[in-house]
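Asks: Structure provided below as structure tokens; questions to follow.
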Amino acid sequence: MVNGLQDFQLGQVITAIGGLGTAAFGLVDAAKSAFSGINRVGLKHIHEVVSELAPEGANAGGPVNALPLANILDSLEANWVNGNDLASQKAIAKSLIKLHLSSANASTVAVKASVDPAVLTAVASNLETGTPLSQAESDTYSRFDLIVTALLDEAYQVSDQVYRNFTKTLAALLAVALAVAAGWSLEGANFRSPKEIALAVLVGLLATPLAPIAKDLSSALATAVNTMQLVKK
């Protein structure tokens, strides 16, 4: 296997490793249809934050057009699983949370949002009855809006990072397995030495980060080599 790699040009090696990474990512993507849990990685934190901002059962007597918490979470899960734009997901979540706000749950929500419970309760009551907000109530409601935006941004960014790290790790493990399998299929009984196996593992580990940039990196290397050859002439 080592001798085989030495016969390749560096650009071809990088392209091949990038292709291995692309294949690993493709397998992860294909596995989502069979293992639905992959799509839900990271969703737990979003559910926790939203559940605190829209307490279950606390909206009794609130706005008649408010969705219960279970429906809110189902809606957010559907958007997350389908991979909708994060900005759009956060906007939908904030709208549903504000729609869920009522005089019955405002004091509980205010604690999570770090605003005055009495004022936010008054805001919710006025929104329910269509009463105009006072300046103090309007200021509190604006602060509530900004804090909810910040909390949701944190929740979605952290969850997205967890999801991406999980899928990259899974793709790296698959790339290592594919590299080892390829080495064994090419070398057969000769693929036994620690050096050969370590090289296959190294190729698999490099495949995942190289996949998105393999083509550009290979082209850049080829250009650099051609330039150096011209300089020597």
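Read the figures in this text as sums done on the coordinates, not as results from a lab. For clarity, every value in this text was computed on a predicted model and none was experimentally measured. Cβ coordinates were reconstructed from backbone atoms using ideal geometry, including for glycine residues, and neighbour counts include every protein chain displayed.
Asks: Of SER102, ALA181, SER193, whose Cα points farthest to the positive end of the dipole of segment 85-204 (charges on the beta-carbon: +1 Lys, Arg; -1 Asp, Glu; origin at the Cα centre)?
Replies: SER193
Asks: List residues of segment 143-161, by number, whose backbone nitrogen lies under 15 Å from a label position 7 Å along Cα→C-beta of SER114.
Replies: 143-155
Asks: Now a separate question. List, in order, the whole-Hz ³J(HN,Hα) value for each residue of segment 171-186 obtained from phi through the Karplus relation with A = 6.51, B = -1.76, C = 1.60 and θ = phi - 60°; use x for Gly and Pro.
Replies: So the Karplus estimates, Gly and Pro as x, are 5, 5, 5, 5, 5, 4, 4, 5, 5, 5, 5, 5, x, 5, 5, 7 Hz.
Asks: Now, a different point. Sort 81-94, 42-55 by the packing proxy (mean of other Cβ within 10 Å over each peptide's residues), most packed first.
Replies: Ranked from most to least packed, the peptides come out as 42-55, 81-94.
Asks: SER134's amide H: which non-local residues (gap 5+, or another chain) put their own amide H closer than 5 Å, with H modeled 1.01 Å from N in plane and none for Pro or chain starts?
Replies: It is none; the list stays empty.
Asks: Along the charge dipole of segment 104-205, pointing to its positive end and built from +1/-1 on Cβ of Lys, Arg, Asp and Glu, which listed residue (GLN161, PRO132, ALA122) has its Cα farthest out?
Replies: Positive-most Cα among the choices belongs to GLN161.
Asks: Separate question: Between ALA87 and ALA23, what length comes free when the chain is fully extended (0.36 nm per residue of separation minus the Cα-Cα distance, one decimal in nm)?
Replies: Separation in residues times 0.36 nm, less the Cα-Cα distance, equals 20.1 nm.
Asks: How many Lys pairs in segment 31-188 lie less than 30 angstrom apart by Cα atoms, where the lysines are 8 or more positions apart or on different chains?
Replies: Lysine pairs satisfying the spacing and distance rule in segment 31-188 number 15.
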